[in-house]
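A short reminder: the numbers here are calculations on the coordinates, not readings from a lab. Note that the structure is a prediction, hence the values are computed from the model and not measured. Note that we place each Cβ from the backbone using ideal geometry, even for glycine, and neighbour counts take in every protein chain shown.
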Amino acid sequence: MFCISGQVLAAQLTLEGVEGEPADNIRALLQIDDVMTKEGPWPTASRVRYLHRQAPAQIRTALEPYGYYHPKLDLELNVEGEPQQWQARYRVETGPQMLIGRAHLLLEGEGADDKVLQQVLADTPVKSGAPLIHADYASLKSSLQSHAAERGYYEARFQVSEIRVDVAANRADIELIYITGPRARIGEIRFDEAPISESLLRRYTPFETGDPVATAKLVEFQRNLINSDYFADVEVRPRLDELADAEIPIDVKLTPQKRSLYQAGFGYGTDTGARMQLGVTRRWLNSNGHTLDTRLRLSEIRQQFTSSYQIPGENPTTDRFAFNLMLEDEQSDTIDAQTVSIGGSWQKQVGEWERRLALDWLQETWTFEGEEQDSTLLIPSARFSRTRADDRLNTTKGHQISFSVAGASEALLSDVDLLQLNVRGKRVDTLAERWRLLSRAEVGMTLIDSVDMLPASMRFYAGGDNSVRGYSYQSLGPMGESGDVLGGRYLVAGSVEMDYLVKDKWRVAAFVDTGNAFDDNEMDLKTGVGIGGRWQSPVGPIRLDFAVPLDEDGWQIHFTLGPDL
């Protein structure tokens, strides 16, 4: 119904008996609907009467796409008095919906047995006995064409595409025959000139010459090259104009990145205090795609220099070797240690799991309660991790889990025998439209004769932004005679947090954290509770938490940035 404009009552057209999309389509096609809603200049009464006479045909046309071919119409028009007082009342009974009698849907050609195209036919609502909805029929044709193009059936066409309507019987027969033609296959792959070798470029391809064309694979190839960080822009172009004998060449246009990337950053964290980072990345050192990444990180408690020489593996998107150097000096309320580490690692994707195998030589000097110690270890290690998330930066459902094991032996150039195990897990669940539950847990264990022989960097501590909030960084663990936290062989920590979306990008949260590090089987768990706010930034949530410990006086503010998983 069309109603009031200011103080002037507008003409009205009332539509009864039909709702939803059919009603919307009727109003879209009814020309009288447009003129009856004008505030001026008003049409003449004869013009409105003419449009009223056209309305039955327009209503029937509007209903036919939804399978209604036998509507009953009761259309009234009153154009007496002033134009503002004109009334139209249209009552529509749609009648029975036309049903599909015979639906003959057929694939022919090389793609007749293609499972993707067959699934399109299986999923369509265009079936015998179903209502005749023209939009479903159009969607079926469009879906066949788009999937065929994505799968390289570039010569596909409809041999027959008919809807035969028997209005008297209220039945429609459909015949659709789609001839796919041959499926194109990958021909010659032609690369632009690039700073890395063609043999390395070809290791980024998820297909081989001669494989069937699949648009998804071409997009994956483009994404692989962009993620390599060698190129600022990549275009993967199937050359349809050169299609011959069902083979299509692929041109790869490459725009290299700048060879060197210089970075500088400044920030603050409640665990680290003020901090800064300087870095330089040499994106390629040679045509084999070797990379050098060097960083200097400075904070109030830790100074660290790292350098990593990286070599692409057999599958460079997921497989990488690295030679690593780290120099670190940590001077916190808990740790006074200087560390040198040299080693190599191999990172590889194994199914959904990221596997990292490493061998590191570590030399560390540390001081506890005025006593200086040092240790040299050769440490083989393995870490397996997996992350599943609907959105890595703004997660509503997902989890992350990791397992790691590291060891050393006096028989293998180390000062002590040890075996260290660590398991971590995080989870995000959406409980209602605006509510999320975030949980995390960590368990660590070190098998060693005496914790005194364990380097400070390998001991377990609790407390801080990502541990037990309410307690300061690494303030929880076994204590020495002078009250210094010495770190322990074991760790147990966990957290449960609930947050609520107040409005776009803003959340409030409440949490409980508990845990501690210890040396024996008697766990003295410490607990902190608090509230906080979150803002969803482009690089993940920014969190500000206010937490209090339940086992001592005081409070802590915690500030963190980064994804939930």
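Overview of values
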{"item": "Additional length obtainable on full extension of the chain from K72 to R259, 0.36 nm per residue less Cα span", "result": "60.0 nm"}
{"item": "Distance between the stretch 145-179 and the stretch 95-121 - C-alpha centres, whole angstrom", "result": "8 Å"}
{"item": "Cα gyration tensor, the stretch 132-282 - rounded (a/c under 1.5), prolate or oblate", "result": "oblate"}
{"item": "In Hz, Karplus ³J(HN,Hα) per residue of the stretch 233-238 (6.51, -1.76, 1.60; θ = phi - 60°; x = Gly, Pro)", "result": "8, 9, 10, 9, 10, x"}
{"item": "Residue-averaged [θ]222 nm for the chain, counting only DSSP H segments that reach four residues, each worth -39500 (n - 2.57)", "result": "-4000 deg cm²/dmol"}
{"item": "Estimated FRET transfer efficiency when R0 is 25 angstrom, pair F546-V496 (beta carbons, to 0.05)", "result": "0.90"}
{"item": "Estimated inter-spin distance, Y268 and R295, nm [label 7 Å along Cα→Cβ]", "result": "2.2 nm"}
{"item": "Given the chain, longest segment not containing exposed loop GluC sites (Glu not before Pro) (DSSP; at most 11 other Cβ within 10 Å)", "result": "81-192"}
{"item": "Rounded if a/c under 1.5, otherwise prolate or oblate - the stretch 185-256, Cα gyration tensor axes", "result": "prolate"}
{"item": "Exceeding the 31 Å Cα-Cα cut-off - candidates K127/K397; K72/K127; K258/K503", "result": "K127/K397; K258/K503"}
{"item": "Label corresponding to volume of the Cα convex hull per residue in Å³ when calculated from the structure given, among (i) 252; (ii) 157; (iii) 148", "result": "(i)"}
{"item": "Cα gyration tensor shape for the stretch 332-561, rounded if a/c is under 1.5, else prolate or oblate", "result": "oblate"}
{"item": "The stretch 4-93 - share of DSSP beta bridges that are antiparallel (%, nearest 5)", "result": "65 percent"}
{"item": "Rounded tilt (10° steps) of 134-150 against the dominant C-alpha axis of the chain", "result": "40 degrees"}
{"item": "Where labels lie 7 Å past Cα in the beta-carbon direction, separation of A169 and L412 in nm", "result": "8.0 nm"}
{"item": "Loop sites in the stretch 521-555: chymotrypsin sites (Phe, Trp or Tyr not before Pro), DSSP, at most 13 other Cβ within 10 Å", "result": "W555"}
{"item": "Fraction of beta bridges assigned by DSSP in the chain that are antiparallel (%, nearest 5)", "result": "90 percent"}
{"item": "Tilt relative to the chain, helix 20-29 - C-alpha long axis, 0 to 90 degrees, to 10", "result": "60 degrees"}
{"item": "Neighbour net charge for V116 - beta-carbon separation under 14 angstrom, K R +1, D E -1", "result": "-1"}
{"item": "The stretch 99-179 - share of DSSP beta bridges that are antiparallel (%, nearest 5)", "result": "55 percent"}
